[in-house]
Amino acid sequence: MNREAIHVSEEKLIEQKAYMAKVKETLTSNKTYHIVTLGCQMNVRDSETLSGMLEEMGFTAANTREEADLILYNTCCVRENAENKALGNVIWLKELKKDKPELIIAVGGCMMQEEGMADKLIRQYPFIDLIFGTHNAYRFPEYLYRVLSDRQQFAEVFNIDGEIAEGLPVKRQSPYFGFVNVMYGCNNFCSYCIVPYVRGRERSRSVEDVLDECKRLRDQGVQEIMLLGQNVNSYMGGGANFAELLYRVNALEIPRIRFMTSHPKDLSDELIYAYKELEHLMPNLHLPVQAGNNEILEKMNRRYSRERYLELVMKLRAVCPDIGLTSDIIVGFPGETLAQFEDTMSLVKEVRYDAAYTFIYSPRQGTKAALMPDPFTIQEKTERIQRLIDLQQAISYETLLSLVGNTEEVLVDSVSLRNENAVGGKTRRGHMVNFEGNMNLIGKTVSVKITSAGKNTLRGELI
Ligand code: 5AD
Ligand code: SF4
């Protein structure tokens, strides 16, 4: 059961604010920080809070790790390569610290919540100053104060589900775009996935807290928000479900609303209908299918069938014909035969996603799938994923080509690194468009005539 969030008490938050002030007093000169964020949007949002707290403590952002006095890794463990990347980076930091002994190295995030991982780091990497997890990240100021005053390694990871800390400082990455958490954790236990073990059980923020954050962003001029949760469809805040929450967020008149991630088993008709009703809800949906074969879906514990998934796609397109769908797909789940993989290929042909994020299955310790026999070689899996990537690229390109000639509303978010007279932005459906224009357009929504399609992006002309 999804439950209402338990909040970090007011006293505990005041305590952390006091630690922020104490750290600020401790700093004798200008100190800088650099955060490396690995993994998903939830981690990006967490890093925004960690940055906010660091700035409140008197640190300023450094562009590179080499320039920083404090380096923080916000880690991910969803696949083994994410973990290897973090460990590889941390070893590199050891060298950096040899030349710069005052450097503070902190490691937080999902990987620290894995059983035995923090202990392993404590033993093997004594040069790491601070280790903490996702559930206690709000206590970062206190931990940092300890490290600065004791100059000793400090590690603390909580195994209980995190309480939600409201009102912490945030440094947003963009003045026009904002991530807003609606819930934390996951109850689904898909058999391959480590997330429920490291992020804990589902807990929702209250409707009021979500709306307050959205209103603040709107008043600051944010043009697009992304509501975040591991499975937003099971949001339940003070009796309101996710569709109801969306209607309330829509009423705030923020130009663009998106959300992720949706579990197909919980995608309600009410939510599908919201795509027709809500003018600010952008016509795109990330609806991970993971596999196209029913036996594999069952072994994955996804609790929907291929047929049910395709029915959802049909309903969505009936309500919102130009909806762009994206997906996550795992190739090489333990025991997946070639014939079963072909079912994934045929599903991709049938759905015609705008984009699909494809992953080779990676065994995660503690999950059910890690114990399942897996007779197929990595070569076989690599060949399969390449076929899937090629198929998806061809479909994505065909979709982009079909948009040539259209006039699209584009929210401009970037200026080209190579040409200061070229800017880029996203259509309502989520496609990237590049066109001639100057940087004053950033943060504005403009009409662009689509003139040609590249493999992944569109080109256009401002009209
Ligand atoms: N191996 C490969 N991919 C995985 N994902 C989650 N766990 C694993 C794993 N063990 C993928 C899923 C999920 C996305 C965020 O990562 O496709 O939707
Ligand atoms: Fe992992 Fe499944 Fe939860 Fe997504 S829904 S976070 S894949 S367990």
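Bear in mind that the values in this text are calculations on the coordinates, not laboratory data. Remember, it's a predicted structure, so these values are computed and weren't measured experimentally. Here Cβ is always computed from backbone atoms with ideal geometry, including for glycine, and neighbour counts include all displayed protein chains.
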- Message: Taking 0.36 nm per residue of sequence separation and subtracting the Cα-Cα distance, how much length would be gained by fully extending the chain between S452 and Q379, in nm to one decimal?
- Response: 22.6 nm
- Note on the structure: With a ≥ b ≥ c from the Cα gyration tensor eigenvalues, square-rooted, and the rule rounded for a/c under 1.5, otherwise prolate when a/b > b/c and oblate otherwise, segment 1-104 is oblate
- What residues qualify as long-range amide H neighbours of F179, i.e. H under 5 Å apart, gap of 5 or more or another chain, H built at 1.01 Å from N? M226
- Message: Contact order normalised by length for the chain, with contacts defined as Cα pairs under 8 Å and 6 or more residues apart; what percent is it?
- Response: 11
- Message: For segment 3-156, what does the relative contact order come out to in percent, with C-alpha contacts under 8 Å and a separation of six or more?
- Response: 23
- Query: In deg cm²/dmol and to the nearest 500, what is the mean residue ellipticity at 222 nm of the chain if only DSSP H runs of at least 4 residues count, each as -39500 (n - 2.57), divided by the residue total?
  - Reply: -11500 deg cm²/dmol
- Query: For segment 100-194, what class follows from the C-alpha gyration tensor (a ≥ b ≥ c being the square roots of its eigenvalues): rounded when a/c is under 1.5, otherwise prolate if a/b is larger than b/c, else oblate?
  - Reply: oblate
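Stokes-Einstein at 25 °C, 0.890 mPa s, Kirkwood radius from Cα pairs: D for segment 180-401 in µm² s⁻¹? Please list the in-between numbers first.
Values: Rh = 18.4 Å.
Here the translational diffusion coefficient equals 133 µm²/s.
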- Message: What does the charge count around F333 come to, taking other residues whose C-beta lies under 9 Å from its C-beta (Lys +1, Arg +1, Asp -1, Glu -1)?
- Response: -1
- Over segment 266-337, what relative contact order in percent results from Cα pairs under 8 Å that are six or more residues apart? 43
- Dividing the surface of the Cα convex hull of segment 197-260 by four yields a projected area in nm² of 4.4
- Message: If you average the alpha carbon positions of segment 377-419 and of segment 30-93, how far apart do those two centres end up, in angstrom?
- Response: 29
- Query: Considering amide H positions built from the backbone, and no H for Pro or chain starts, which residues 5 or more places from N284, or on another chain, come under 5 Å of its amide H?
  - Reply: G324
- Note on the structure: The long-range amide H neighbours of V8, using H built 1.01 Å from N in the peptide plane and a cut-off of under 5 Å, are I164, A165, E166
- Query: Order of I257, I463, I330, I6 from fewest to most other C-beta atoms within 10 Å?
  - Reply: I463, I6, I257, I330
- Query: If you take the square roots of the eigenvalues of the alpha-carbon gyration tensor of segment 407-462 and sort them as a ≥ b ≥ c, do you get rounded (a/c under 1.5), prolate (a/b over b/c) or oblate?
  - Reply: oblate
- Residue-wise, which Karplus ³J(HN,Hα) couplings in Hz belong to segment 290-300, taking 6.51 cos²θ - 1.76 cosθ + 1.60, θ = phi - 60°, and x for glycine or proline? 6, 7, x, 10, 5, 5, 5, 4, 5, 5, 6
- Cβ-Cβ cut-off under 15 Å around L211, Lys and Arg +1, Asp and Glu -1: the net charge is -3
- Degrees between helix 10-26 axis and first principal axis of the chain (Cα, 0 to 90, nearest 10): 60
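Cα-based Rg of the chain per 2.2 N^0.38 Å, rounded to two decimals?
Numbers: Rg = 22.8 Å, N = 463, 2.2 N^0.38 = 22.7 Å.
Taking the Cα Rg and dividing by 2.2 N^0.38 Å, one obtains 1.01.
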